[in-house]
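A quick write-up on the structure given underneath.
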Amino acid sequence: MNYQDTVSWMFQQLPMYQNQGKTAFKKDLTNTLKLAEHLGNPHQKFKSIHVAGTNGKGSVSHALSSVLQEAGYKVGLYTSPHLKDFRERIKIDGIEVSERFVIDFIASNKDFLETQSLSFFEMTVGMAFDYFSKEKVDLAIIEVGLGGRLDSTNIITPQVSVITNIGLDHVQFLGNTHELIAKEKAGIIKTNVPVVIGETQTETLPVFRAVAKKHKSDIFFSDQLITKDYEMDLKGAYQKHNSKTVVQTTSVLREVGFKISEEELRLGLLNVVKNTGFKGRWQTLSEKPKIVCDTAHNREGLSYVIEQLKNEKFDALHIVFGVVNDKDLTSILPLMPKKASYYFCKPNIPRGLDAKTLKATFLKNGFIGNAYDSVAEALQTAKKNASKNDFIYIGGSTFVVAEVV
């Protein structure tokens with residue numbers, strides 16, 4: 001199989017959350033542990049940082065990689081989902097894993113993967129751990145896929161665990177309250193391993209404190225401890241929370257023996273995109289009209305983005321918007337600006353919500369807009385309708401952004 005065949009096989013053969021949603025979610029780590037054992041337990045051969053949270057975990061993971069790269073370390077980075085190419089999920093020093101490694105990993109482990117019925121996510125985690133072990137990284141930043149406690153990544157014992165914040169997303173798997181979701185995310189806290197919490201929230205604070213105490217883990221709340229604002233190249237008002245989480249995590253890493261100077265920290269935060277190739281976070285695609293995309297896709301994430309929109313100067317606002325079919329629209333609708341023209345679209349994945357259905361829900365709630373057959377058509381029409389002093393925002397789902405970056 002060539003690279004395209006290999007990736008197609010991975011996508012089609014096995015349940016994949018990106019495409020299928022709930023049916024791809026597995027409720028234990030048995031398969032991941034079996035695969036790790038089959039591969040010679042690669043996750044035990046490198047140091048790691050484990051990053052969970054409802055929003056910001058992608059930005060924090062990439063920014064931590066950037067800081068450590070500036071400090072001269074060889075850094076593995078595992079994140080999900082990808083925007084364009086599967087290989088974005090697995091990087092070392094910002095460079096994607098080679099097509100050859102992906103092909104060879106699947107080819108040499110295919111019988112095992114098939115007989116054990118491993119999910120797409122399980123095999124991808126195994127591939128990342130195998131790669132980081134073989135390439136002898138100094139440290140790998142491992143982003144949780146979904147939740148924490150039962151996520152395939154949760155077989156590592158990291159140097160530090162990081163939980164950015166808790167919001168109501170993926171409630172069908174993780175629970176429908178902040179406390180229940182916090183319990184799932186707190187599942188990445190390990191005995192005697194320090195934990196950094198990005199945002200102090202009334203409902204989740206007691207949960208994190210209790211789990212940390214049980215595991216004898218030192219706990220640090222970034223927003224309480226870091227008072228200085230650090231500049232980042234990632235734009236978006238919400239990045240100030242993420243930068244503080246990165247700064248506090250860096251402080252903990254220094255305590256466990258990593259050498260990172262203040263200048264390396266500063267440069268790391270300023271060069272996230274250059275060092276890691278990170279995309280889709282308040283990313284400006286063009287000027288006149290200004291076009292910005294952002295992967296925010298839940299109430300908490302979108303509330304920051306909408307605040308950011310209020311700070312922009314424009315004549316008229318055009319919003320290209322699409323979501324997945326398990327999205328709770330009732331939590332999003334009150335946030336969305338009514339004084340805007342909407343271009344509804346369906347992201348090109350099986351679980352994308354039909355654009356006409358999305359349009360009907362919005363129009364019923366007093367919004368104005370039309371449905372389009374694709375993200376490309378929606379954006380094309382928005383561009384045609386916009387004058388050079390207008391603003392076009394593209395978002396609602398990671399998978400909408402994936403089609404425009």
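Things to note:
- For first residues located in region 198-226 and open to solvent by 40 Å² or more (accessible area, probe 1.4 Å), partners that are among the hydroxyl-bearing types (Ser, Thr, Tyr) and at pLDDT below 95 and lie 6+ apart or on another chain with Cβ distances below 7 Å form the pairs ASP223/THR200; GLN224/THR200.
- Residues in region 167-192 that are modelled with pLDDT of 85 or more, over 20 Å from ASP218 (Cβ atoms) and part of a loop (DSSP other than H, G, I, E, B): THR177 only.
- Taking the criterion of being among the β-branched types (Val, Ile, Thr) and within 17 Å of SER65 (Cβ to Cβ), the residues of region 77-106 that qualify are THR79, ILE90, ILE92, ILE95, VAL97.
- Unique match (being outside any loop (DSSP other than H, G, I, E, B) and modelled with pLDDT under 95) among LYS240, LYS244, LYS235: LYS240
- Selection within region 194-218 - more than 18 Å from GLY167 (Cα to Cα) and under 23 Å from the mean Cα position of the chain (by Cα): PRO194, VAL195
- Entry remark, region 301-328: residues being open to solvent by less than 30 Å² (accessible area, probe 1.4 Å) and either outside any loop (DSSP other than H, G, I, E, B) or touching a helix residue (DSSP H, G or I) at 6+ places or on another chain (Cβ under 6 Å) (or both) number 13 in total.
- Boolean, ARG209 is under 23 Å from ARG254 (Cα atoms) and either among the basic types (Lys, Arg) or modelled with pLDDT of 95 or more (or both): yes
- Selection status of ILE163, modelled with pLDDT of 95 or more, out of contact with any Gly (no Cβ under 7 Å at 6 or more places or on another chain) and among the hydrophobic types (A, V, I, L, M, F, W, C): no
- Unmet requirement for LEU270, which otherwise passes all of (1) over 21 Å from ASN55 (Cα atoms); (2) out of contact with any helix residue (DSSP H, G or I) (no Cβ under 6 Å at 6 or more places or on another chain); (3) at pLDDT 95 or above: (1)
- Selected residue (only one of SER119, SER133 is of a type in the set (S, T, N, Q), touching a residue at least 40 places away in the same chain (Cβ under 8 Å) and open to solvent by less than 10 Å² (accessible area, probe 1.4 Å)): SER119
- Scanning region 33-50 for residues that are within 17 Å of GLY76 (Cα to Cα) and either open to solvent by less than 50 Å² (accessible area, probe 1.4 Å) or touching a Ser or Thr at 6+ places or on another chain (Cβ under 9 Å) (or both) yields ASN41, PRO42, HIS43, GLN44, LYS45, PHE46, SER48, ILE49, HIS50.
- All positions within region 271-282 that are open to solvent by less than 50 Å² (accessible area, probe 1.4 Å) and either more than 30 Å from LEU68 (Cα to Cα) or not aromatic (Phe, Trp, Tyr) (or both): ASN271, VAL272, ASN275, THR276, GLY277, GLY280
- Residues that are touching a His at 6+ places or on another chain (Cβ under 7 Å) and either in a loop (DSSP other than H, G, I, E, B) or open to solvent by less than 50 Å² (accessible area, probe 1.4 Å) (or both) within region 364-390 comprise ALA382, ALA386, ASP390, listed in sequence order.
- The test for being at pLDDT 95 or above, over 17 Å from GLN159 (Cβ atoms) and of a type in the set (D, E, K, R) does not hold for LYS259.
- Boolean, THR361 is at pLDDT 95 or above, touching a helix residue (DSSP H, G or I) at 6+ places or on another chain (Cβ under 6 Å), among the polar types (S, T, N, Q) and assigned to a helix (DSSP H, G or I): yes
The values are calculated or read from the model by the stated rules, or taken from the named source; none is laboratory data. Owing to the predicted nature of the structure, the values given are computational and were not obtained by experimental measurement. For neighbour counting, all protein chains shown are included, and Cβ atoms are generated from backbone atoms with ideal geometry for every residue, glycine included. To get the accessible areas, we keep the full protein, side chains included, count just its heavy atoms, and leave off ligands, DNA and RNA. Shrake-Rupley method; radii C 1.70, N 1.55, O 1.52, S 1.80 Å.
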